[in-house]
Structure formats: structure tokens, C-alpha cells
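**Student:** What follows is a structure written as C-alpha cells; I'll ask about it next.
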Amino acid sequence: MASLKNVLVTGGAGYVGSHVIYVLQKTRRYKVISIDNNHNSLSAALARVSQLSKSELPADATEIDWLSTEIDSHTCDLTKPEQIRAVFEKYGKGGIWGVIHIAAYKAVGESTEIPLTYYANNVSASISLLQIMDEFDCNRIVYSSSATVYGTPPIIPIPETTRLQADSPYGKTKVMTETIIEDMCRADKKWCALSLRYFNPAGAHPSGMIGEEPRGRPGNLLPLLAHMAVGRVKDAVLKVFGNDYPTPDGTCVRDYLHIMDLASGHVLALNALGPDSAVFPSDAPAFFKAYNLGKGKGVSVLQIVEAMRKATGFDYKYEIIGRRGGDVPDLTADPTLAEKELGFTAPADLETMCRDLWNFQSKHPLGYSEQ
Ligand code: WQD
């Protein structure tokens with residue numbers, strides 16, 4: 001009987017992590033270990049992921065199928081190496097096949113206010129994780145990077161060959177960690193790594209059972225609009241951070257892709273990690289590559305507001321205020337490399353993203369923790 005490969009997902013209880021774990025479980029090839037410090041997530045999310053996966057098992061599900069819907073969940077502060085090591089010790093040398101490293105602080109604006117916290121949590125903690133992975137003969141990693149590594153890119157849509165020049169401390173933590181992983185892969189070809197540069201994930205699993213549940217007030221536009229529509233945020237007016245950017249309507253443009261399409265991209269990346277990696281020639285100088293995960297379609301802040309007005313029926317009011325620190329005018333992906341080499345696609349349109357987001361939020365008006 002084929003056994004499941006143990007895969008560790010950091011940030012597993014988060015918005016991206018919970019959807020990645022769901023699609024991993026759908027493959028019936030992996031047993032998931034999740035670590036999360038629940039700084040911006042709720043462990044209740046993992047119970048819902050398992051519940052959803054179990055509900056979709058076939059009537060003749062095998063023991064392996066059931067096992068693949070179990071999550072070994074650990075509350076773990078990645079800035080404390082001893083907590084990471086304890087998880088690896090549970091599985092022993094070679095016991096964890098690979099890691100999907102998602103855990104990070106991710107608010108562009110906030111990172112300009114508390115940069116040291118971002119460098120500690122996003123860079124130092126990643127170094128600790130990589131060192132412990134190596135100690136336990138675990139040398140495969142899918143790294144959650146970000147379009148913010150491009151800063152203000154010279155061309156739109158953005159290809160992966162664009163020079164990395166992040167404008168915010170958050171983006172710089174992503175550039176630094178990508179560089180660390182690439183150098184590690186160059187130094188030793190036992191390492192195999194793919195860095196996935198997320199554009200803007202949006203929406204929720206169509207069932208409405210899992211979705212984005214940030215702790216406290218959402219920092220990102222879409223969850224904030226959803227919270228306004230269910231009354232969890234009492235703001236009568238949305239603050240739009242600037243309309244003097246060189247974009248069609250003056251507000252920032254982002255490349256929104258459905259969270260399910262983003263999550264599926266992680267399975268494609270994990271499957272491409274080898275041992276005989278499908279995306280690297282054997283004579284490659286290093287088994288390291290970065291891919292954009294985006295739709296390749298730019299949408300402005302005001303267009304998002306309009307799309308959410310249609311999805312929720314909520315009459316949003318907004319006022320234009322000053323720019324937010326760290327924001328750049330346009331981050332729209334050229335996704336053709338991931339499409340060609342990973343088979344990645346992001347077919348869901350904006351209407352579907354907003355509909356699924358609203359379906360989740362209206363089912364959980366008070367969020368997971370209150371229900
Ligand atoms: C989008 C636009 C704001 C709130 C996010 C993640 C980041 C990365 C990419 C993964 C910006 C504007 C927002 C508000 C506004 N994901 N806005 N009023 O900054 O693109 O980054 O996606 O790596 O980690 O944080 O997304 O939703 O914060 O902002 O006008 O109240 O909406 O200025 O132009 P962002 P966002």
C-alpha cells in the first residue's frame with residue numbers, strides 16, 4: 001500500500017495555508033503537518049479544512065484516504081528554533097518529505113512601521129527553519145514569496161526576470177529569503193526549491209467553509225470590504241489610499257487571483273520538486289526557480305469596490321485620502337512561465353472571487369472564533 005509523504009506547511013492555519021492544505025489533502029498523496037503561531041489566524045480553520053476534506057471522501061474511502069484528511073497541527077513560534085526542532089524530532093531524520101513555507105507577516109503598510117519585527121519573523125525565522133530542515137535531511141521547499149519583491153517594476157506585466165528591488169520592508173524580507181534559499185541551492189544540489197511570487201489572492205473555497213479570517217481588523221482591501229458589508233467593521237466610509245497614481249483611474253492596480261487557483265499552484269510546485277525534478281535540467285547550476293502566480297489581469301481599487309458592491313449588494317461609500325507607505329502603482333503578473341513549466345492556471349474571474357468571498361463572509365459574519 002503506497003504510503004503518504006509527510007509535508008510540513010508553515011502558516012497552515014492562515015488564509016493561504018488552510019486552502020493549500022485542503023488541496024494537498026485532495027491529492028491523497030500527502031499527510032499534512034501544520035505549524036502556525038496564530039498571530040494572524042485561528043486554529044479553528046484547520047478543523048474546518050479536515051471537516052471539508054472528510055465530507056468529500058468517496059464512499060469507498062481507504063484508510064490512507066482518511067489519514068490524508070488528518071492534520072498534525074502544532075502551535076509554533078517560528079522565531080523560536082526549539083519549537084521548530086520539536087516538530088521535526090517527532091518525525092525523525094528524513095521523516096518530513098518537504099516543506100511549504102507560507103508563515104510570514106505580510107502587511108505592506110505595517111512593515112514600514114515595525115520593520116525589525118518583519119525581519120525577525122520573515123527572515124531570521126526562515127533561516128532557523130532551513131537550518132533545522134537540513135539537520136533532519138529535509139531539503140525540498142516551496143517558498144511563499146510575493147509580487148512585492150518587484151517594487152515599482154519597469155514593465156507591466158511583470159516577468160520573473162525583472163530585477164528585484166522591493167520598496168517596503170515586507171518586500172525586502174521576501175527578496176532576502178529568496179536570495180538565502182537560492183544561495184543554499186547553489187551551494188548544494190541536494191536542495192531543491194521553488195519560490196512562488198504571489199500576486200493578490202482573493203475569494204474563498206466555494207463551500208464557504210473556509211476563507212480569510214485575519215485576526216482583528218483586516219489590513220487588506222477585499223477582506224475589509226467583506227467585513228464592512230457584514231458589519232464587523234463599523235467604518236461608514238472606505239478610505240482609498242491615493243488616486244494620484246499613473247493608472248487608468250488613479251488608484252493602485254493589483255493582479256487578483258482566486259485563492260483556490262493559488263493553492264493549486266502549490267501542489268503543482270510540490271509535485272515538481274523531484275526527486276527527478278520536472279522543471280530543472282540535471283545540469284542546472286542550482287535547483288532553484290521563482291514563478292509568478294497571478295492571473296495577468298490588473299484591477300484597480302475602485303474596480304474592486306464596484307465588484308464587491310455587485311457581489312454583496314452593500315452600498316459602499318469611499319473617500320480618497322493620502323497614499324499608504326510601501327504601495328506601488330501597479331503589480332500585474334506575466335504568468336506565462338508558471339503556465340508553461342508548472343501547468344499553472346488561474347481561470348476564476350473577479351466576479352467569482354467576490355462571490356466566493358461574500359459566500360464565506362456572509363456564512364461567518366462573526367468569523368470562526370465566535371461560532
Ligand atoms: C490593495 C490596494 C491599497 C486597504 C497584499 C498582501 C501582500 C501580498 C500582495 C502576498 C492597495 C488599497 C487597501 C484600504 C485601500 N500578498 N487599499 N484602502 O498591499 O497589494 O498586498 O497582496 O504576498 O502580502 O498584503 O494588498 O489589499 O492591502 O491593498 O485603498 O483600506 O488597496 O492602497 O493599493 P497589497 P491590499
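The values are calculated or read from the model by the stated rules, or taken from the named source; none is laboratory data. Here the structure is a predicted model, which is why all the values come from computation and not from measurement. Neighbour counts are summed over all protein chains in view; Cβ atoms, including those assigned to glycine, are modelled from backbone coordinates with ideal geometry.
**Student:** Which one is farthest from the ligand (Cβ to nearest atom), of the residues in the stretch 231-270 that are outside any helix (DSSP H, G or I), buried (at least 18 other Cβ atoms within 10 Å of the Cβ) and of a type in the set (D, E, K, R)?
**Tutor:** Step by step, filter the stretch 231-270, then rank; the result is Arg232.
**Student:** What number of residues within the stretch 160-178 satisfy the criterion of being more than 16 Å from the ligand (Cβ to nearest atom) and over 19 Å from Thr332 (Cβ atoms)?
**Tutor:** 0
**Student:** Restricted to the stretch 106-146, and to residues that are of a type in the set (Gly, Ala, Ser) and part of a helix (DSSP H, G or I), which residue is farthest from the ligand (Cβ to nearest atom)?
**Tutor:** That would be Ser128.
**Student:** Going by the conditions given, is Ile96 surrounded by fewer than 18 Cβ atoms within 10 Å (Cβ to Cβ), part of a loop (DSSP other than H, G, I, E, B) and not charged (D, E, K, R)?
**Tutor:** It is false that Ile96 is surrounded by fewer than 18 Cβ atoms within 10 Å (Cβ to Cβ), part of a loop (DSSP other than H, G, I, E, B) and not charged (D, E, K, R).
**Student:** Of everything in the stretch 162-218, what is outside any loop (DSSP other than H, G, I, E, B) and of a type in the set (Gly, Ala, Ser)? Give them in sequence order.
**Tutor:** Gly171, Ala187, Ala193, Ser195, Ala202
**Student:** Residues that are within 14 Å of the ligand (Cβ to nearest atom) and either under 17 Å from Tyr368 (Cβ atoms) or at pLDDT 95 or above (or both): does the stretch 179-194 have at least one?
**Tutor:** Just the residues of the stretch 179-194 that are within 14 Å of the ligand (Cβ to nearest atom), to begin with: none.
Looking for residues that are within 14 Å of the ligand (Cβ to nearest atom) and either under 17 Å from Tyr368 (Cβ atoms) or at pLDDT 95 or above (or both), one finds none in the stretch 179-194, hence no.
**Student:** Please work out which residue is surrounded by the fewest Cβ atoms within 10 Å (Cβ to Cβ), limiting yourself to the stretch 201-219 and to residues that are in contact (Cβ under 8 Å) with a residue 60 or more places away in the chain and closer than 19 Å to Ala103 by Cβ. Full working, then the answer.
**Tutor:** The initial filter retains those residues of the stretch 201-219 that are in contact (Cβ under 8 Å) with a residue 60 or more places away in the chain, namely 201-215, 219.
Retained after the next criterion (residues that are closer than 19 Å to Ala103 by Cβ): 201, 210-215, 219.
Values: Pro201: 22, Ile210: 24, Gly211: 27, Glu212: 27, Glu213: 24, Pro214: 20, Arg215: 12, Gly219: 15.
This residue is Arg215.
**Student:** While we're on this one: For the stretch 340-349, which positions are closer than 18 Å to Pro157 by Cα and under 18 Å from the mean Cα position of the chain (by Cα)?
**Tutor:** Phe344, Thr345, Ala346, Pro347
**Student:** Do you know which of the residues in the stretch 6-30 that are away from the ligand (no atom under 14 Å from the Cβ) and in a helix (DSSP H, G or I) is surrounded by the fewest Cβ atoms within 10 Å (Cβ to Cβ)?
**Tutor:** Thr27
**Student:** Next up: With the requirement that a residue be touching a residue at least 60 places away in the same chain (Cβ under 8 Å), in contact with a helix residue (DSSP H, G or I) (Cβ under 8 Å, 6 or more places away or on another chain) and surrounded by 18 or more Cβ atoms within 10 Å (Cβ to Cβ), what does the stretch 153-166 give you?
**Tutor:** Answer for the stretch 153-166, where residues must be touching a residue at least 60 places away in the same chain (Cβ under 8 Å), in contact with a helix residue (DSSP H, G or I) (Cβ under 8 Å, 6 or more places away or on another chain) and surrounded by 18 or more Cβ atoms within 10 Å (Cβ to Cβ): Ile158, Glu160.
**Student:** Starting from the stretch 232-246, keep only residues that are more than 18 Å from Arg309 (Cβ to Cβ) and of a type outside the set (Asp, Glu), then list their pairs with residues that are within 6 Å of the ligand (Cβ to nearest atom) and in a loop (DSSP other than H, G, I, E, B) whose Cβ atoms are within a distance under 6 Å, requiring at least 6 positions of separation or different chains.
**Tutor:** From residues that are more than 18 Å from Arg309 (Cβ to Cβ) and of a type outside the set (Asp, Glu), the pairs are Phe241/Arg324; Tyr245/Cys252.
**Student:** Is one or more of the residues making up the stretch 351-370 under 26 Å from Pro214 (Cα atoms) and in contact with a strand residue (DSSP E or B) (Cβ under 6 Å, 6 or more places away or on another chain)?
**Tutor:** yes
**Student:** Restricting to the stretch 271-325, give me the number of residues that are within 16 Å of the ligand (Cβ to nearest atom) and among the acidic types (Asp, Glu).
**Tutor:** Of the residues in that region, 2 qualify.
**Student:** Hey, could you check the stretch 57-81 for residues that are of a type outside the set (A, V, I, L, M) and assigned to a helix (DSSP H, G or I) and say which is surrounded by the fewest Cβ atoms within 10 Å (Cβ to Cβ)?
**Tutor:** Within the stretch 57-81, the match that is surrounded by the fewest Cβ atoms within 10 Å (Cβ to Cβ) is Glu63.
**Student:** So Ser73 fits all but one of (1) without any contact (Cβ under 8 Å) to a residue 40 or more places away in the chain; (2) in contact with a helix residue (DSSP H, G or I) (Cβ under 6 Å, 6 or more places away or on another chain); what number is the exception?
**Tutor:** (1)
**Student:** What's the number of the condition Lys54 fails, among (1) part of a loop (DSSP other than H, G, I, E, B); (2) over 22 Å from Glu82 (Cα atoms)?
**Tutor:** So the condition that Lys54 fails would be (1).
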